[in-house]
Structure formats: C-alpha cells, structure tokens
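Below is one structure, written out as structure tokens; comments come after it.
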Amino acid sequence: YGLQFIAPEARPQILQRIYDGLQSGGYLLLSEKTTDDAHEEPYFRSRYEAFKRDHGYSQQEIDNKKAALEGVLVPWSAQQNEAALRAAGFEQPVCISKNWNFSTWIARKPSSHSEAVRTAAAADTKP
C-alpha cells in the first residue's frame, strides 16, 4: 500500500525501477486502495469512520486524519494500476484479492529468451 501515497506522475517510473530490478521470471505483489466506483467511496469511508469511532477515536481525530491525507493519498482505479504494470513491462497482472476498495495484484516479469531456450533444451535432454 505505497504507490497511492506517491504523486501519480511519479508512479510509472517507480514501477519501471521495480521491474528493472527484478530477475526474469520474478513477481511483484502490489496492493493498493482503488477508486473504481465513486458511488461506493462515501459508503466505505463512512464504515471506516464508524469503525474508528467504535474503537475510541474522537471525531476530531478522524477529521484531522482525513485532512492530512487529502491530496496525499491519491488512489488509482484498478484499470489504471493494471495499465501502469503492463506499461512497465509486466505480463498481464492478475487481481488475486479485492476487499472493499483495496486490491492486490500479482504481476510477473517475463522470462528472458535465453532462459526459455535453456529450459527447453534441458527438457529435451531428459528421457
């Protein structure tokens, strides 16, 4: 849950650096808050605020936290996250979990051609 706190225009470069740092065939698990349905967001927020109140937070504390995150926590839609992963070079990301307005994807860096050739050659030598 980190990209949502980074300026949207900087996220593609960060995903590219992660991609570049992975070995061929490596995986990235990305979990982010998403904004897929503008109609659901007020509901999710009200439920979360009720949870905080039920656990002893004052309305002032809740309002202060909301104000502190305004303009800092800028979530993308699921489609925007998936497009950014593909643009960085990952194979088609797969959403493996969605809970309320949070999603987790697994994205794989394709294997290098030489790695695929070695694997195929090794398979050909086995009886």
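The values are calculated or read from the model by the stated rules, or taken from the named source; none is laboratory data. Note that this is a predicted model, so its numbers are computed, not measured. Methodologically, a virtual Cβ is constructed for each residue, glycine included, from the backbone with ideal geometry; neighbour enumeration extends over all protein chains shown. Ligands, DNA and RNA are excluded from the accessible area calculation, which covers all protein heavy atoms including side chains. Shrake-Rupley method; radii C 1.70, N 1.55, O 1.52, S 1.80 Å.
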- Task: Give the residues of the range 1-46 that are of a type outside the set (Gly, Ala, Ser), surrounded by fewer than 11 Cβ atoms within 10 Å (Cβ to Cβ), modelled with pLDDT under 95 and not in a loop (DSSP other than H, G, I, E, B), sorted by residue number.
- Result: 42
- Note on the structure: Within the range 68-108, residues open to solvent by less than 20 Å² (accessible area, probe 1.4 Å) and in contact with a Phe, Trp or Tyr (Cβ under 8 Å, 6 or more places away or on another chain) come out as 81, 84, 85, 88, 90, 93, 101, 107
- Message: Among the residues of the range 52-63, are any touching a residue at least 40 places away in the same chain (Cβ under 8 Å), surrounded by fewer than 16 Cβ atoms within 10 Å (Cβ to Cβ) and part of a loop (DSSP other than H, G, I, E, B)?
- Response: no
